[in-house]
Every structure is written in structure tokens, then in C-alpha cells.
Amino acid sequence: MANKWVYLFTEGNAGMRNLLGGKGANLAEMTNLGLPVPQGFTITTEACTQYYEDGEKINDEIMSQIMAHITKMEEITGKKFGDKENPLLVSVRSGSRASMPGMMDTILNLGLNEEVVEVLAAKSGNPRWAYDCYRRFIQMFSDVVMEVGKKFFEELIDEMKAEKGITQDVDLTADDLKELANQFKAEYKAKIGSDFPSDPKDQLMAAVKAVFRSWDNPRANVYRRDNDIPYSWGTAVNVQMMAFGNMGDTSGTGVAFTRDPGNGEKHLMGEFLINAQGEDVVAGVRTPQKIDQLNEVMPEVYSQFLDICAKLEGHYKDMQDMEFTIEDKKLYMLQTRNGKRTAHAALKIACDLVDEGMISEEKAVTMIDPRNLDTLLHPQFDTAALKAAKPIAKALAASPGAACGKVVFTAQDAKAWHEKGEKVILVRLETSPEDIEGMKAAQGILTVRGGMTSHAAVVARGMGTCCVSGCSEIAMNEANKKFVLDGKEFHEGDWISLDGSTGKIYTGKMPTVDATIAGEFGRIMGWADKYRRLKVRTNADTPADAKKARELGAEGIGLCRTEHMFFESGRIDAFREMICADTLEAREAALEKILPVQQGDFEALYEALEGCPVTIRFLDPPLHEFVPTEEGDIKKLADAQGKTVEQIKTIIEGLHEFNPMMGHRGCRLTVTYPEIARMQTRAVIRAAINVQKAHADWNVCPEIMIPLICDEKELRFVKKIVVETAYAEIAAAGSNLKYEVGTMIEIPRACLTADAIAKDAEFFCFGTNDLTQMTYGFSRDDAGKFLDAYYDTKIFESDPFAKLDQNGVGKLMDMAIKLGKETRPDMHIGICGEHGGDPSSVEFCHRIGLDYVSCSPFRVPIARLAAAQAALNQ
Ligand code: PEP
Ligand code: MG
């Protein structure tokens, strides 16, 4: 049987999301529920994939199914494409499996041409409306399908308004709009070189193609990468009969959430515009009215809408984000989906739904996007500073968090300044999807126009970036990069502070403090902990980091990078003396200085961890990060060593490596200088003995971890030094301290020979940063320079240093676990590369049977939640 590429709304349901996309599946589901949905059909995501496979062509089979469905749609609606009596107009909208708000394209009012517009004008008795639709369609089609910039059309509108002496679009008459439509078509012809297409079927095919094409536009690609959405999914296309919100004062359009997406409170939230079409609300071009005001304008419609909201929330058992249109007092539902929300709202809604008996705890745990938790952990303004400060304006609190930075006016500038290390606030009239990279680079976003559901608000909330929107008090001069607010002129580079939780705006630079988490967060985390199997440890090098991580639920330290304990000034000197020592005596003298510092640090770490496991990784300094380069530092080192500057420079030259990441680091240092491992062992064991003495009820059992092992004999050599030293220390102290010696698995050869390595390793911990580096042969330090080209060419969809490569690196890990456990079935195995805090990587670690993941302190809650989801979804 031939493939089925197209489904009527009556043929689908919510379970067909992968095939019909979220929007298509939910339009079908709403149809099944008997809700007022303008009917139409969905062209599947598979058709999109096929379009790309066929070299960006819609093949004959798909084309003929689309045509057949137009006929079916004409039968269902009783309207016909291009008809002189009862013409059919449609919207053509994208809709992928995962919602990607504003990233892809939409075309409204398709089916209009010179004849049809006359029919509509005459039949409706509302020529103004008919010509408004027509000029909108020409504008949208030209922009989206033919890529003629919108600005050309906006200029024509502005010229027309200036000529007529009016300021608002709504003051344009039917004749003005008719004239504009003609001007638009002329503009189209001038830019494209042919007439504007008048056959609705040609228009439709071109529009469907444009939506497929928009799956691959740059902003969609960026959004997908940020949200882990595979390119291979493709987008569906929904062709739906138009419902007209711009037919006059008894029509309108809006969006609403069944609960507040900002704080999760249980009340309807949304906005609408009378006499408008969908894009007017989302684009934030006009500032809309609050949803409850609909009760005053059209009470019956409002009450019907409330019923639908309740029905949809009850049906989907989650907060819904809906789009609707009212055509001459008749309500139509255009979309429903589980609404995007802030982390705070996500936690509150999940808990409330459990308390309302709608969902189980397990469901609540799986409902929350772990990446979203980041925003709870982000800074807020210092309370005292906030109290003392006087806001210069207040607008919509569109996305929470505090931000301060220097004003920039374009997304490009935001990105460029950010790359130079500047903190920026992106100030715009309104944002559009092209701005996504700039929005990402900014600390915060401030817009002049737009409501809570405008592009800026929705996208910022999704990204967890602070956003204040709709600040109409701003007198903006984007062209000259300045604006006036509260009587003060702001220029590019001026400091400004935003509170995305209150919508308040302040001049200057306001200090921020770390977030505190409470309330529903603890409840959800408690549930997550109940269902996860993976333990979550932290990568922490200082007692302060360790304490923070403990507060956030870390169950141990999975990686203490001992070389990082020397980054502070005052400590780096002894470390450099050790690296640059040219005799055993000089090195031992430097190590003697380091020993008490290390021991003190380790004691503080054990104290902070209160008896939980602590893995101490022996020195692994890529030399280029530690060797002095500044004249002053070199001189200091020379003085300390009793050498001349020239002598030190000669030593430094001798240390130069062409490839330090694969150079003299990790266990290789111990192979050449065993005294380093001896010193570190002493520090670890002495610290552990002291802390154990002070806390008899704790079980202090140091885990000594050897980095960069590639061969069993290499580990045996280092372990022997550790064991001999530890034995002497423990005996001298008359202690019975237990400790373990294990290894990082971060070189492919270690994975391949893990059975042999496990003879000496009591535990494994995957260093997936190096393992990724060496599996790919991509330098960790340099990959950033070329990875963008890999995304652009679709060779890669994500950064393998951020999201674990399950097919390659993951395969090595799987092999190492199996081989290691053949030798030592009870060994514990973890991961401490950056991937340990990435949700999809955590899920993989669960699947291949790791015992724990270890990640930076602020990612601990993310890992806890991701681990629970992995267990629940398995
Ligand atoms: C790793 O390589 O994954 C690791 C954790 O060690 P480092 O990042 O210190 O090399
Ligand atoms: Mg490493």
C-alpha cells in the first residue's frame, strides 16, 4: 500500500504526535473532543523528511494526496478554493513533535486573489476586512514563501499612513488597503520578476514547501540544538480553514494559559486583541487586553472559552497554552498544547496537579524539564540593594531572574559583545526569531512592545533568561542606538539592571546574589530521589563548592581536581616551583610546601562531606595552564628558586609542549616524578585519619583516583607508590583507615583493556571530557573553532563535549563497564566529565548501569531529576 502522507483532523489523535506533530495531533484530538476547530488536514512529518530526501521537492505521490485532501476539505467545509460564491481560505502552519515557538513559518489567508477578494468584500459587506486580509496575505506570502523582506511592505504602509495623516493601521480605509494590496503586488513583481501567483493551489504548494524549508532555517537549527530536538524529526504542515479575527469589533484573536506560566498560580491568564489576526498578538505589534476583559466584551464567548479551558486541562492533565479566534462572536480553537512555563511555575503546577488528584508523583517528576531548573539556581538582586534602588520604570515581568549589563540594540551586537566577555542587556522595540542568538548571549532582554505571550517573553522564558517586556514608556531610537526612559537618555554601553520577576527596570549596575531554592522544589526533589537508582555526586575542588553541592543534594564528591586547589594567588607559586624544579631536591622542597596546604584542603572537604564518599584525583595539570608566562611571575619564581630569570626561561622552554592536552600530565607526571604521588598520598591519608578521629560515627574512606591511565602496568606502577606510602602513614598513626585506589577511564585504550586495568583499579570513573577528546581526536581547547561548521553542515547536531556521544564514546564506556566487571564484579563505576550534568547523558549513564554521575554543584538538582526520569521512563 502507498504511504499515507496526509491526515484529516478527523483521522488523527493526540497519540500521533510523532507523525502529525504536536499541533496536528492536538487539532485532531480537539476535533475528537467535539470542540469548535476549523477543519483541515495535516501533512505528516514523514512527508517533510521525504521532501528533504527527494532533494527539497514535494514528490508526485505526496502532491496528489494533498490535492485529494483539498477536495475532502472542500466537501467538509462547503467552501471551495478560488470559488466565486463561497471561497475557501486557509492557514498553513508548521508543527513539529516538540513545540518550537516562532521558529518556523506560518502563512494566513491563503487562497485570495483579485477575484476572490471581491467576492469576500461583497459577501461580507465588509470590504475593509477583505482588503486587509488580502494585503496581509501578499505581505506574508512574499516574506515567508519568496523571502522578500517584510520591511519593504512595512515601508509602503508607513508611506501610506504618512500620506493620509494617520498613525494607526486600523484607520486605513478599504480603499487605502485595496491600493496597498496593488502596491504590494507591484513590489512583489519588482523583487521576484513575475506576477504574484493567483491560483490558490499554486499558492498552497509554494506555502507547504516554505514550511518544510523553514525546518532548516538558521533560527530553527539554533533552537533545536539548544533543546535537543533531532533534525531528523521534521515538521508537519497543518492546512486549516481560516477563522477571521479581523472581521470587525465582534471578532478577535488571543492566546491563553489555563494557569499562570510565570508562577504557576491556578487562574486563567492570557490576552486578546479585538479585530486582529493571530500574528498581531504573538508579534507584540499591538499591546493586547487581558483575557478577563473578554467577559465584558463578549460574555457568552468568554463563558464558552472557560468551559473549553477546563475540559482541555482535565483531558491533558497539564496546564494548556491555547490559541483561539472569534469570528463574528463565534469561538474557534486553533491550538492547544502543554504550555511552556518557568521552572518555578513547573514545580508549582506539578505539585498542585498531584494535590488536586489529577496526576501521580511519578508523573509529576517526569513532567519537569531538568534543564529548566537552572533558572531556579540563578542569581537574584541583592535584597538591600533592591530596597534602596528606585525603579525608573515597570513593565511586564516576562521571564524571572535578575540581570544587569550594558545596553546593546541589536542581536548581532549582543553576540559580539558577549564574545568579548561583556555582560549585555538587549534592548529592542520587539524581538523576532532572528534575534535568538543575541537573546541567548544577553543577560537580560528588554522590549518596548509586546505582552506576556510575545516572542520575547515566550522565548526568554524557555531559555531561562531574564526578560522585561512591553515597556511602552521607552522612547526608542533604534537607528541611532539610543532611547529615553524616565527623562534619561541611554546609549549603547550604559549599564542597566532588570528584574524579570517584577518587571522593574533600574539604571546602573545592581549587585546580584545566588538563588535560594525552597517550597515545591524540595517536594519534587524528594520524589525524584525516591525513584532514581543513580547516585549523584559533585565535582568540587573547594570546601565552599562542596558545601553548596551538599545543599543541592550531592551525595559525595566524584571528582576533586587537586590541581585546581592551586588556582588561588598565594598558592600558585609553590606549585610553579614544583613544576619548574630541575632537581629532585628542589622538587621535594616545593612539595614540602604544598603538603600542608593539600592536607588542610582535604580535611575541609571531608568535613564538608560529613562522611559521604570523596574521590580525590591526583594531579593532572596540563602544563600550559600552569607554567608562568608573565615577566613578573617568572621573576618571582626565579627569586624563590635562587635562579636567574634566564635560567627559569630555559626551564620553561624545556617544558614547552606542542600538544599539552596529550602531553606530560596525569599519571605520566607520577611515572616521571613518583615523589608527587607520595606527597599527595600523605596529604590524603593524614587528612582522612584526622577527620575520622574527630568524627567516630563517619565512615571516612578516601577514594584515590589516578588520571589518564592507558595501560595496566602504568596503573600498577602508580598504585604501588600510593599503597606503600599509605601503608606507612596508616601504620605510623596506628589507624585502621580503609581507602580505595581507582582510576579515571578517559583514554580509549583504557576502555579497550578495562579487564586488565580492573585487576588493580578498585573503581572506575569515566572522564568523558578527555575520552571525547581522544575518541574524536578533537582538541578540547580548539574544537570550538570548527564545531560551528559541523553544525552548519549538519555533520553534528550537538556538541559532543556537552552531550555525550552515545554511539561512539558511549560504546567505549559500555565496553569498559562490561570488561571491568568481568574482572571485578563489585567495582563501583561513575562519570565525572561535564556530561554528568547533562540530562540526556544522565539517561544514558542510567541505561548502561553506572552507579553515579558527578557534576558541577549547580547541576546537581538537574542530574537528580534526570536520573529519576531515566528510571521512571525505562
Ligand atoms: C575528564 O577528562 O572528563 C575529566 C573529568 O577530567 P579533566 O576535565 O580534569 O581532564
Ligand atoms: Mg581528564
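The values are calculated or read from the model by the stated rules, or taken from the named source; none is laboratory data. Quantities reported herein were computed from a predicted structural model and do not represent experimental measurements. Reconstructed Cβ throughout: ideal geometry from the backbone, glycine too, with neighbour counts over all protein chains shown. These area figures cover heavy atoms from the full protein model, side chains too; ligands, DNA and RNA do not enter into them. Shrake-Rupley method; radii C 1.70, N 1.55, O 1.52, S 1.80 Å.
Going down the list K178/K481; K481/K509; K535/K719, which pairs span over 24 Å between their C-alpha atoms? Intermediate results must be reported in sequence, preceding the final value.
Details: K178/K481 36 Å; K481/K509 20 Å; K535/K719 26 Å.
Violating the 24 Å Cα-Cα cut-off are K178/K481; K535/K719.
Among bridges DSSP assigns within the chain, what percent are antiparallel (round to 5)?
Approximately 65 percent, going by the DSSP bridge assignments.
Ignoring ligands, DNA and RNA, what accessible area per residue does segment 1-139 give at 1.4 Å, in Å²?
37
Could you give P(r) for segment 257-322, binned at 10 Å from zero, as whole percent values over all Cα-Cα pairs?
In whole percents, the pair-distance histogram is 20, 48, 31, 1.
With a/c under 1.5 counting as rounded, go ahead and sort segment 288-352 into rounded, prolate or oblate using the C-alpha gyration tensor (a ≥ b ≥ c being the square roots of the eigenvalues; past the cut-off, prolate if a/b is larger than b/c, else oblate).
Prolate is the answer for segment 288-352, as a/c is 1.5 or above and a/b outweighs b/c.
Determine, for each peptide in 675-684, 544-553, the mean count of other beta carbons within 10 angstrom over its residues, then list the peptides with the highest first. Display every interim value, and only then the final one.
On the way: 675-684: 22.6, 544-553: 19.7.
Per-residue mean Cβ counts within 10 Å order the peptides as 675-684, 544-553.
Evaluate 2.2 N^0.38 Å with N set to the residue count of segment 187-256, then give the Cα radius of gyration divided by it.
Numbers: Rg = 16.9 Å, N = 70, 2.2 N^0.38 = 11.1 Å.
Taking N as the residue count of segment 187-256, the ratio is 1.53.
Average projected area of the Cα convex hull of segment 803-855, in nm²?
Here the figure is 3.2 nm², rounded to one decimal.
Counting pairs of alpha carbon atoms under 8 Å apart in space and at least six apart in sequence, what relative contact order in percent does the chain give?
Working: 1797 pairs, mean separation 78.6, N = 874.
Value for the chain: 9 percent.
Have a look at A441, T512, M333 and report the one farthest towards the positive end of the charge dipole of the chain, computed about the Cα centre with Cβ charges (Lys/Arg +1, Asp/Glu -1).
T512
Restricting the calculation to Cα positions, tell me the Rg (one decimal) and the Dmax (whole number) of segment 43-146 in Å.
Radius of gyration, then largest Cα-Cα span, for segment 43-146: 15.7, 47 Å.
Report Rg (one decimal) and Dmax (nearest whole number) for segment 612-757, counting Cα atoms only, units Å.
In order Rg, Dmax, the Cα atoms of segment 612-757 give 18.2, 55 Å.
Kindly provide log₁₀ I(q)/I(0) values, in the same order as q = 0.17, 0.20 Å⁻¹, from the Debye equation applied to equal alpha-carbon scatterers of segment 128-256.
One equal scatterer on each Cα of segment 128-256 leads to -1.06, -1.24.
Whole number please: convex hull volume per residue of the Cα set in segment 1-78, in Å³? Don't skip to the answer; put the middle values down first.
Working: hull volume 7.4 nm³, N = 78.
Looking at segment 1-78, the number lands at 95 Å³ per residue.
With charges set only on the Cβ (+1 for Lys and Arg, -1 for Asp and Glu), what does the dipole of segment 558-597 come to about its Cα centre, in debye to the nearest 20?
180
What residue among T71, A28, T49 has its Cα farthest toward the positive end of the dipole of segment 1-96, where the charges are +1 on Lys, Arg and -1 on Asp, Glu, each on the Cβ?
Positive-end residue among those listed: A28.
For segment 248-364, what is the convex hull volume of the alpha-carbon atoms per residue, in Å³?
Working: hull volume 11.1 nm³, N = 117.
Cα-based convex hull of segment 248-364, divided per residue, equals 95 Å³.
Subtract the Cα-Cα distance of M146 and K481 from 0.36 nm times their separation in residues, and report this length gain in nm to one decimal.
That pair, M146 and K481, stretches by 117.6 nm at full extension.
Report, to the nearest whole %, how much of the accessible area of segment 664-737 belongs to carbon and sulfur atoms, 1.4 Å probe, protein only.
54
Quick one: work out Rg over Rh on the C-alpha atoms of segment 516-618, Rh as Kirkwood radius.
Computed over Cα atoms, the ratio is 1.14.
So if I take the alpha carbon set of segment 234-279, get Rg, then get Rh from the Kirkwood formula, what is the Rg over Rh ratio?
Rg/Rh for segment 234-279 comes to 1.12.
How charged is the neighbourhood of Q240? Take every other residue with its Cβ under 10 Å from the Cβ of Q240, and add Lys/Arg as +1 and Asp/Glu as -1.
+2
Using 10 Å bins from zero, what percent of all Cα-Cα pairs in segment 314-361 falls into each bin?
Result, from short to long distances: 24, 41, 23, 11, 0 percent.
With the cut-off at 29 Å, tell me which of the pairs K23/K329; K4/K340; K151/K330 have Cα atoms farther apart than that.
Numbers: K23/K329 24 Å; K4/K340 31 Å; K151/K330 34 Å.
The pairs that break the limit, which is 29 Å between Cα atoms, are K4/K340; K151/K330.
Given T465, I829, G248, which one lies farthest toward the positive end of the charge dipole of the chain, if we put +1 on the Cβ of every Lys and Arg and -1 on the Cβ of every Asp and Glu?
Sorting the options by dipole projection puts first I829.
Compute the signed sum of charges (Lys and Arg +1, Asp and Glu -1) over the other residues within less than 9 Å, Cβ to Cβ, of C612. Could the numbers behind the result be given before it?
Details: positive: R537, R550; negative: E555, E610.
Residues near C612 contribute 0 overall.
What is segment 224-291's relative contact order, in percent, from Cα pairs under 8 angstrom and six or more apart in sequence?
Across segment 224-291, relative contact order equals 27 percent.
Per residue, what volume in Å³ does the Cα convex hull of segment 359-412 take up?
176
With a ≥ b ≥ c the root eigenvalues of the C-alpha gyration tensor of segment 367-462, is it rounded (a/c under 1.5), prolate (a/b larger than b/c) or oblate?
Rounded is the answer for segment 367-462, as its axis ratio a/c remains below 1.5.
Which semi-axes, in whole Å and largest first, does the equivalent ellipsoid of segment 754-874 have when worked out from the alpha carbon gyration tensor as the square roots of 5 times its eigenvalues?
25, 18, 12
Beta carbons within 10 angstrom, averaged per residue: use that to sort the peptides 435-444, 65-74, highest first.
My ranking of the peptides, most packed first, is 435-444, 65-74.
Which of the peptides 140-147, 502-509, 486-493 is most tightly packed, and how do the rest follow, going by the mean number of other Cβ atoms within 10 Å of each residue? Kindly include the intermediate steps, with their values, before the conclusion.
Numbers: 140-147: 19.8, 502-509: 18.0, 486-493: 12.8.
Listed from highest to lowest mean packing, they are 140-147, 502-509, 486-493.
Could you tell me what percent of the accessible area of segment 307-364 is made up of carbon and sulfur, with a 1.4 Å probe and every protein chain present?
That share works out to 44 percent.
About the Cα centre, and with charges only on the beta carbon of Lys, Arg (+1) and Asp, Glu (-1), how big is the dipole of the chain? Nearest 20 debye, please. Don't skip to the answer; put the middle values down first.
Working: 101 positive and 130 negative charges, 245 e Å.
Dipole of the chain, to the nearest 20 debye: 1180 debye.
Let me check I've understood the local charge: for K266, count other residues with C-beta under 11 angstrom from its C-beta, Lys and Arg +1, Asp and Glu -1. What total comes out?
In short, -4.
Taking every alpha carbon pair in the chain, what does the distance histogram look like in 10 angstrom bins from 0, in percent?
Result, from short to long distances: 2, 11, 18, 21, 18, 13, 9, 5, 2, 0, 0 percent.
Which value, in debye to the nearest 20, gives the size of the charge dipole of segment 88-132 about its Cα centre, when Lys and Arg are +1 and Asp and Glu are -1 at the Cβ?
Roughly 280 debye, rounded to the nearest 20.
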